There are 2 protein chains.
Amino acid sequence: MPFFLKSKKLDFKADGPYVAVLRDDEAERFGVHSGDDLEVRWGQNKVIAEADFTSSKVRSGEIGLFREIWEDYKLKKGEILEIKVLSRPRSIKAIIKKLLGKSLSYREIYSIIKDIVNRRLGRSEISYFVASSFARHYSNEELYYLTKAMAETGAELKFSGKVVDKHSVGGLAGNRTSMIVVPIVAATGLIIPKTSSRAVTSPAGTADTMEVLSPVSHSVEKIKFFVKKNNCCLIWGGGLNVAPADDRIIRASHPLGIEPYNKMIVSIMAKKVAMGIKYLVIDMPVGPTTKIPNMKLAWDIERKFLYLGKRFGMKIKVIMTEAREPIGRGVGPALEARDALRVLQRHPLRPIDLEKKSIKLAGELLELCGRAKAGKGKDRALNILESGQAWKKMKKIIKLQGGNSKINSEQLTTGAYKQRFYSKKKGFVCAVNDKSIDELARLLGAPSEKLAGIHMHLRIGDKVNKGDPTFTFYAQGRERMSLARQALSKTKILTIKS
Amino acid sequence: MPFFLKSKKLDFKADGPYVAVLRDDEAERFGVHSGDDLEVRWGQNKVIAEADFTSSKVRSGEIGLFREIWEDYKLKKGEILEIKVLSRPRSIKAIIKKLLGKSLSYREIYSIIKDIVNRRLGRSEISYFVASSFARHYSNEELYYLTKAMAETGAELKFSGKVVDKHSVGGLAGNRTSMIVVPIVAATGLIIPKTSSRAVTSPAGTADTMEVLSPVSHSVEKIKFFVKKNNCCLIWGGGLNVAPADDRIIRASHPLGIEPYNKMIVSIMAKKVAMGIKYLVIDMPVGPTTKIPNMKLAWDIERKFLYLGKRFGMKIKVIMTEAREPIGRGVGPALEARDALRVLQRHPLRPIDLEKKSIKLAGELLELCGRAKAGKGKDRALNILESGQAWKKMKKIIKLQGGNSKINSEQLTTGAYKQRFYSKKKGFVCAVNDKSIDELARLLGAPSEKLAGIHMHLRIGDKVNKGDPTFTFYAQGRERMSLARQALSKTKILTIKS
């Protein structure tokens with residue numbers, strides 16, 4: 001039997017399922033228990049919320065709702081809501097079935113993903129689902145079902161023409177190849193609607209970096225407009241509702257600190273399917289500090305990508321590269337944007353490692369979709385870069401997305417506080433501490449303070465003389481600079497041996 | 001690096017881990033992300049809390065703390081707290097290891113249980129642990145480790161003498177044998193410190209029922225006093241901190257609606273070990289509506305109980321009974337207490353099924369610990385019951401625990417609103433709908449309104465004439481009575497065939 005309470009706004013955010021707060025006495029009266037899900041209805045709307053409890057924060061006759069519901073729905077304060085305690089959804093049965101080691105049908109997998117999207121399953125339930133990917137084997141067929149369900153439960157974009165993409169599996173700092181690969185590939189006329197993510201625990205994601213040059217948060221309509229005008233874009237994928245289950249699954253896996261590989265493959269592929277990609281190059285750095293520690297695993301993952309590609313009619317090439325240190329010189333949005341622009345604008349100080357990797361990836365993609373003969377992709381990509389066509393394409397991207405296309409790489413760090421550090425001895429660089437670099441760059445203010453970050457003057461193997469610059473700190477204010485300098489006294493970025 | 005914020009009390013309860021609420025801007029400043037755990041210190045205290053976020057409910061420089069922390073610790077408002085974002089605990093690694101199918105050492109299992117108890121693991125993490133019991137095999141040795149760790153991470157009680165107990169696995173309505181078995185067994189001089197639980201989704205637990213006769217919420221010191229004076233007690237086990245991990249694990253399994261069997265065995269045994277029990281009879285109803293649907297599973301569970309008993313030096317006997325309908329006539333605290341008292345006071349209307357089952361269980365326990373010869377336990381138990389010794393013992397329990405020992409079974413429902421229903425046709429009872437009975441009893445107000453519930457005049461197989469009483473509703477107020485009568489029009493308690 002439903003009961004009725006008036007809505008009250010509570011300014012809290014749990015970042016998981018929707019949360020509804022009942023008075024203790026009312027919870028008892030209506031038989032609502034810890035862990036119960038409530039169905040909340042008003043007008044034509046229906047949401048599922050997890051029950052929390054209070055003795056004073058809502059008045060008798062009211063129900064408190066956390067911020068997420070108010071952000072996602074039009075709901076008036078004091079609106080009368082019809083509330084029902086829900087029995088367990090069928091998707092729970094499917095999750096238990098998988099935990100017990102049985103195969104799931106498409107219908108069962110779809111019910112799980114759909115209930116994640118409409119917040120019918122809470123974080124705890126999603127944890128059980130994630131646990132099943134650790135503990136149980138998912139067949140290729142099941143991975144196909146998962147991918148399909150994830151793509152279908154969100155927005156699906158359609159573009160006409162040869163739609164291509166490049167994706168980096170991640171786990172490597174400063175790997176900003178997208179901002180170079182996209183304009184190169186787009187200059188040949190291919191459609192490349194590139195979406196990227198923001199940093200979660202790192203000092204910058206590609207979306208944070210691109211944001212230094214232009215706004216990156218755009219609607220689906222805008223993206224279609226960009227692609228129509230310029231056959232490409234470089235935007236943040238987070239606001240598009242593409243494969244929305246993925247985000248919530250990632251959050252539920254957060255406490256474990258690792259992501260099941262199957263889950264990673266499915267979430268990448270679901271987004272590509274939803275974006276209508278037909279040719280895809282996957283950049284897969286393999287190494288002890290990346291997500292994929294060894295080649296055996298890398299080959300296994302490659303096979304699964306290729307299988308799913310076949311099922312969805314997508315041509316895929318996986319490029320494995322050995323990863324030992326960050327790509328490029330800068331860490332932090334503006335500094336990484338400067339690296340990318342230096343490559344596009346052919347600046348003498350451009351990072352050669354970033355340029356080489358971008359040309360490799362662009363070349364492979366051109367070969368994969370027939371824009372270059374086998375073995376000739378790299379030459380074609382380099383030619384597009386050197387002739388200035390890539391920079392021309394990038395300028396159009398920046399302009400369309402609302403940025404200043406007259407920007408020069410060397411203007412990007414104007415206004416930053418800088419502090420350069422120098423070597424105290426002669427020798428060579430034998431180690432670079434990625435983790436310290438990331439932590440210090442965040443302490444300096446990255447990614448939310450765009451100018452903040454660290455520029456590395458040296459790489460592993462470089463020779464150093466006493467007094468040579470080692471790295472430079474960038475910050476937007478004195479306070480953060482001094483915080484980072486203090487922290488530097490307790491850690492080490494470079495190890496120099498004589 | 002730690003940061004410092006002032007404590008603010010927030011009147012919310014999430015019923016899982018401790019929750020600390022940060023302002024959005026401060027979370028960004030200190031690099032706190034959704035799903036992070038915070039270590040919060042002040043004076044000699046240290047707690048682990050899950051991070052939630054708000055834009056307005058705490059002021060700059062403050063951190064909001066949900067109710068649980070304030071209930072568990074002495075903490076002043078405005079106290080300066082030292083806060084640190086925690087890296088993942090080692091117990092997480094152990095959980096992942098088990099999800100991947102490897103065996104755990106005692107040290108690893110202990111780290112998981114300890115982190116559950118000190119709230120270092122949140123609900124989502126505990127879900128991963130529960131998932132491992134569904135998906136992976138736990139060896140007998142691992143079950144022993146789990147039991148030991150659960151017992152050792154909470155309060156441990158020691159009594160001298162022969163300490164015995166009876167435990168019902170549950171899942172059967174109205175199964176109030178403890179209130180009869182305890183006085184019978186205690187009358188022979190055995191030590192039986194019985195702890196029971198309250199109802200979660202049912203209309204009454206043994207603790208709710210016993211509470212009709214006396215208070216049941218007592219300290220460990222009080223329990224020791226009861227046992228010293230009267231060699232037994234009948235109290236609520238929830239406030240004693242005995243095997244405290246269990247409660248949190250149960251909550252994390254709540255969304256699934258089922259409990260892994262291994263988990264059930266371990267949680268029962270951990271409590272018995274912590275209570276110092278040496279002889280234990282386990283009542284295990286087997287049937288489609290109970291927790292254990294078939295005999296094969298029942299035998300498997302029995303083997304595990306016996307194995308653990310051996311490891312802990314505890315003599316165990318498992319009694320399996322076929323379960324097809326509720327035991328006794330009443331459903332709801334006062335009505336179930338009346339059933340038990342009618343048996344103890346030898347009332348002509350006493351429920352014979354409840355009496356028989358209690359005598360069986362008491363007899364088995366007497367035989368197990370040598371108070372009766374093989375095959376003679378039931379006679380001895382019946383004799384104690386018929387001679388009034390059991391009622392005498394119960395009166396002393398009620399008096400010591402602060403109740404009225406002059407109570408008569410027929411006074412227990414005084415003051416209730418009653419509504420009797422009658423059969424509209426002649427025939428016999430071919431089905432009883434347990435689920436409807438439970439739901440209607442709760443709707444009438446059980447378990448919080450003690451007088452509320454349903455008394456069944458008929459059982460499966462009984463003959464009925466037109467106009468015979470079928471069942472009676474009891475409530476504390478008119479409103480609930482009319483609610484339940486309305487609901488009755490949409491469901492069916494008894495099916496009568498002519």
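The values are calculated or read from the model by the stated rules, or taken from the named source; none is laboratory data. If you're wondering where the values come from, they're calculated on a predicted model, not measured in any experiment. Glycine gets a Cβ as well: all are built from the backbone with ideal geometry, and neighbour counts include every protein chain shown. Please note that ligands, DNA and RNA were not included when accessible areas were found on the heavy atoms of the full protein model with its side chains. Shrake-Rupley method; radii C 1.70, N 1.55, O 1.52, S 1.80 Å.
Brief remarks on what is shown
- Per-residue SASA entry for B:S60, accessible area with 1.4 Å probe, Å² rounded to 10: 80
- Here the protein assembly as shown is described by how far its Cα atoms reach on the three principal axes: 106, 63, 51 Å, from widest to narrowest.
- With its label point defined 7 Å out from Cα along the Cα-to-Cβ axis, B:T414 lies at 9.2 nm from the matching points of the other copies, in increasing order.
- In the range A:349-416, Cα pairs under 8 Å separated by at least six residues give a relative contact order of 18 percent.
- Each DSSP beta bridge with both residues in the protein assembly as shown is either parallel or antiparallel, and the antiparallel ones are about 55%.
- For the range A:296-397, applying the loop criterion from DSSP together with a ceiling of 16 other beta carbons within 10 Å to the trypsin sites (Lys or Arg not before Pro) yields A:R324, A:R346, A:K373, A:K376.
- Teacher prompt: B:Y106 distances to equivalent labels in other copies, 7 Å Cα→Cβ, nm: 5.3
- Distant-in-sequence amide contacts of A:K278, defined by a placed amide H-H separation under 5 Å and a gap of 5 or more residues or a different chain, comprise A:V163, A:V164.
- Cα-Cα over 21 Å, subset of B:K93/B:K310; A:K272/A:K373; B:K228/B:K360; B:K194/B:K317; A:K6/B:K450; A:K418/A:K463: B:K93/B:K310; A:K272/A:K373; B:K228/B:K360; A:K6/B:K450; A:K418/A:K463
- Computed over the range B:12-64, the ratio Rg/Rh where both radii use C-alpha atoms and Rh is Kirkwood: 0.95
- Partner chain coverage, peptide A:50-60 - average Cβ within 10 angstrom: 3
- Net charge in the neighbourhood of B:Y279 (other residues with Cβ under 9 Å of its Cβ; Lys, Arg +1, Asp, Glu -1) is +3.
- The string of couplings for the range A:345-361 from the Karplus curve (6.51, -1.76, 1.60, θ = phi - 60°) is 8, 6, 6, x, 8, 4, x, 5, 4, 5, 4, 4, 5, 5, 5, 4, 5 Hz, one whole number per residue in order, with x for Gly and Pro.
- DSSP-loop chymotrypsin sites (Phe, Trp or Tyr not before Pro) across the range A:1-95, with at most 16 other Cβ within 10 angstrom: A:Y73
- Between B and A, roughly 4600 Å² of accessible area is buried in total, ligands, DNA and RNA not counted and the probe set to 1.4 Å.
- Net charge of Cβ neighbours under 14 Å - reference B:T209; Lys, Arg +1; Asp, Glu -1: +2
- Nm distances between copies for A:G287, ranked from closest, using label points 7 Å along Cα→Cβ: 6.6
- Degrees, to the nearest 10: B:140-152 long Cα axis against longest axis of chain B: 80
- Derived scalar couplings between HN and Hα for the range A:72-81 equal 8, 10, 7, 8, 8, 5, x, 5, 7, 10 Hz in order, rounded to whole Hz, by the Karplus curve 6.51 cos²θ - 1.76 cosθ + 1.60 (θ = phi - 60°), x for Gly and Pro.
- Which listed pairs, of A:K296/A:K435; A:K98/A:K304; A:K271/B:K102, have C-alpha distances above 23 Å, in listed order: A:K296/A:K435; A:K271/B:K102
- With a simple spin-label model that places each label point 7 Å from the Cα along the Cα-to-Cβ direction, the separation between A:K9 and A:E156 comes to 3.7 nm.
- Residues of the range B:131-170 whose accessible area, computed with a 1.4 Å probe over protein heavy atoms, drops by at least 50 Å² once all protein chains are present relative to their chain alone are B:F134, B:A135.
- Loop-located trypsin sites (Lys or Arg not before Pro) in the range B:1-61 whose Cβ has at most 16 other Cβ within 10 Å (DSSP): B:R59
- 1.4 Å probe, heavy atoms, protein only - residues of the range A:228-271 losing at least 30 Å² accessible area vs chain alone: A:H254, A:P255, A:L256
- Cα centre as origin, Lys/Arg/Asp/Glu Cβ charges: the protein assembly as shown dipole, Debye: 860
- Whole-number D in µm² s⁻¹ for the range B:1-135, Kirkwood Cα-pair radius fed into Stokes-Einstein, 37 °C, 0.692 mPa s: 210
- What a 1.4 Å probe finds exposed on the protein assembly as shown is 49% carbon and sulfur by accessible area, rounded to a whole percent.
- Modelled label reach - A:D468, point 7 Å along Cα→Cβ, the range A:421-453 residues with backbone N closer than 13 Å: A:422-431
- Taking the Cα centre of chain A as reference, the dipole from Cβ charges on Lys and Arg (+1) and Asp and Glu (-1) amounts to some 1660 debye.
- Order of exposure, largest accessible area first, which applies to B:S267, B:S498 with probe 1.4 Å: B:S498, B:S267
- The calculated 222 nm mean residue ellipticity attributable to helices in chain B amounts to -12000 deg cm²/dmol, summing -39500 (n - 2.57) over DSSP H runs of n ≥ 4 and dividing by all residues.
- Largest to smallest accessible area among B:L65, B:L297 [probe 1.4 Å]: B:L297, B:L65
- Considering only alpha-carbon pairs that sit under 8 angstrom and 6 or more positions apart, the relative contact order computed for chain A is 14 percent.
- Taking a ≥ b ≥ c as the square roots of the eigenvalues of the alpha-carbon gyration tensor, the range A:303-449 is classed prolate because a/c is 1.5 or more and a/b outweighs b/c.
- Relative contact order of the range B:25-162, pairs being alpha-carbon contacts under 8 Å that are 6 or more residues apart, as %: 23
- Ellipsoid equivalent to the range A:139-218 - semi-axes via the Cα gyration tensor, in Å: 24, 19, 13
- Relative intensity of the range B:85-179 on a log10 scale, I(q)/I(0) at q = 0.15 Å⁻¹, equals -0.73, per a Debye sum over C-alpha point scatterers of equal strength in the absence of solvent.
- Compactness index (Cα Rg / 2.2 N^0.38 Å), chain B: 1.07
- Solvent exposure of the protein assembly as shown amounts to 42 Å² per residue of accessible area, where only protein heavy atoms count and the probe is 1.4 Å.
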